[in-house]
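Structure first, then comments.
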Amino acid sequence: MTTSSAPAPIPFIDLAAQRARLGPRVDEVVLEVLQSCRFIQGPQVLELEEKLAKFAGSRFALGCSSGTDALALLLAAWGVKPGDAVFCPAFTFCATAEVVPWVGATPVFVDVKTDTFNMDPESLEAAIETARAQGLEPKVVIPVDLFGQPADYDAILPIAEKHGLKVLCDTAQGFGGTWNNRRTGSIGDATATSFFPAKPLGGYGDGGAIFTDDEELVGILKSLREHGQGVDRYQNVRIGMTARLDTIQAAVLLEKLAIFEEEIAARERIARRYHEGLGDVAQVPVVDPRATSVWAQYTIKLPAGVRDDLATALAAEGVPTAVYYRQPMHHQPAYAEFPTATPSLKGAEELCAQVISLPMHAYLDEPTQDRVIAAVRKALGK
Ligand SMILES: *Cc1c(COP(=O)(O)O)cnc(C)c1O
């Protein structure tokens, strides 16, 4: 046998550790769905919707097929249309903006702050001016709770109110986080989240949810989610889509929701240890004092030119990293034609060149985390 000095690789997100923690219960609930044969809109979906609404502090929660579809359903339900401007951060996962051209509207890209990585309210004001100058009608702003931290709602909500914009919170990464002690899902006009497996609350497949207090909107969303149905599935009163949450996913998510608060606390503890271990060698995440993060990612910022060498050095030590995101939205080939708040979006461009995310999940134990910290310090020569 040959001896190798290469240490065993660390998982970036350890879904197997969570599955072990959940134990046989999660297998049992999936089996119950299989035996019931109620694969679509089974009772677990309604139970999950009630529990999600309670957890978030919103009147209503609606399960749906993905985070992307949750965003799309809301734009469709509000009647967003060609000629309308929808303001999206330039530093986000593409889905935030992707749904806007689906309804024929125009995404207008807004810059982000280089400390919190979230939407810059000043740039939002500039984007509204840009949209008007181009003859577009400002309709919706989609703040993103990036990497787990809620956006600056104290600044964004008044701007939206002043300009008559709806606020659609994209909390695909931030579900479970708080702003002024309110959970995401209870802020703005409506919220979309994702249960993609790698999100803080993830299922075993695709899924998502919408949160709102608006009962009339819920009626429209339920219809849109089910082919635009009217009194029943065979009466179509609007053009809809198939966008339901599967019963199997709801059953899995009920089990995961039961341990979610515990997992959020574990993520917070792990983030604090990263701060302590790395705060003197990199820009560690800055959490606004009014916010709590659910740490979808633990993302550090480095001086220009350092990031890619660090990733290579860490990979050699078995420490995986990821870059969210390498390209700002306004530089993506499919989005380059859309307007931006200002000719360049300096915050987003800088972050795309300088950030890197480290392994983060609720089951990252201290010795493994210490290995990550030591590897980062060594690679940076500290
Ligand atoms: C993951 C994600 C989405 C889309 O969620 P899906 O369930 O994968 O469709 C939307 N917005 C943001 C910010 C995301 O991170």
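The values are calculated or read from the model by the stated rules, or taken from the named source; none is laboratory data. Just so we're clear, the structure is a prediction, and the values are computed from it rather than from any experiment. Virtual Cβ from ideal backbone geometry, glycine too; neighbours counted across all protein chains shown.
Considering (1) under 14 Å from the mean Cα position of the chain (by Cα); (2) under 23 Å from Asn118 (Cβ atoms); (3) not small (Gly, Ala, Ser), say which one Asp206 fails and leave the rest.
(2)
Has region 51-64 got at least one residue that is within 21 Å of Gly205 (Cα to Cα), among the hydroxyl-bearing types (Ser, Thr, Tyr) and assigned by TED's automatic domain parsing to the domain that holds Ala155?
Within region 51-64, none of the residues are within 21 Å of Gly205 (Cα to Cα), among the hydroxyl-bearing types (Ser, Thr, Tyr) and assigned by TED's automatic domain parsing to the domain that holds Ala155.
Can you name every residue in region 10-33 that is in contact (Cβ under 8 Å) with a residue 60 or more places away in the chain and among the aliphatic types (A, V, I, L, M)?
Passing the criteria: Ile10, Ile13, Leu15, Ala17, Leu22, Val26, Val29, Val30, Val33.
Given the residues Thr130, Thr116, which is the only one that is of a type in the set (Ser, Thr, Tyr) and either closer than 18 Å to Ala341 by Cα or buried (at least 23 other Cβ atoms within 10 Å of the Cβ) (or both)?
The match here is Thr130.
Among the residues of region 323-356, what is the count of those that are surrounded by 18 or more Cβ atoms within 10 Å (Cβ to Cβ), within 16 Å of Pro285 (Cα to Cα) and in contact with a Ser or Thr (Cβ under 8 Å, 6 or more places away or on another chain)?
6
Residue-by-condition table, conditions (1) within 15 Å of the ligand (Cβ to nearest atom); (2) in contact with a helix residue (DSSP H, G or I) (Cβ under 8 Å, 6 or more places away or on another chain):
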{"position": "Val30", "(1), (2)": "no, yes"}
{"position": "Cys37", "(1), (2)": "no, no"}
{"position": "Leu75", "(1), (2)": "yes, yes"}
{"position": "Gly83", "(1), (2)": "no, no"}
{"position": "Phe87", "(1), (2)": "yes, yes"}
{"position": "Ala97", "(1), (2)": "yes, yes"}
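Of all residues in region 132-148, which are more than 12 Å from the ligand (Cβ to nearest atom) and part of a loop (DSSP other than H, G, I, E, B)?
Correct list: Gln134, Gly135, Leu136.
Give me the pairs: first residue in region 92-107 and assigned to a helix (DSSP H, G or I), second residue among the aromatic types (Phe, Trp, Tyr), beta-carbon distance under 8 Å, and six or more apart or on different chains, which are they?
Correct list of pairs: Ala97/Phe109; Ala97/Tyr335; Ala97/Phe338.
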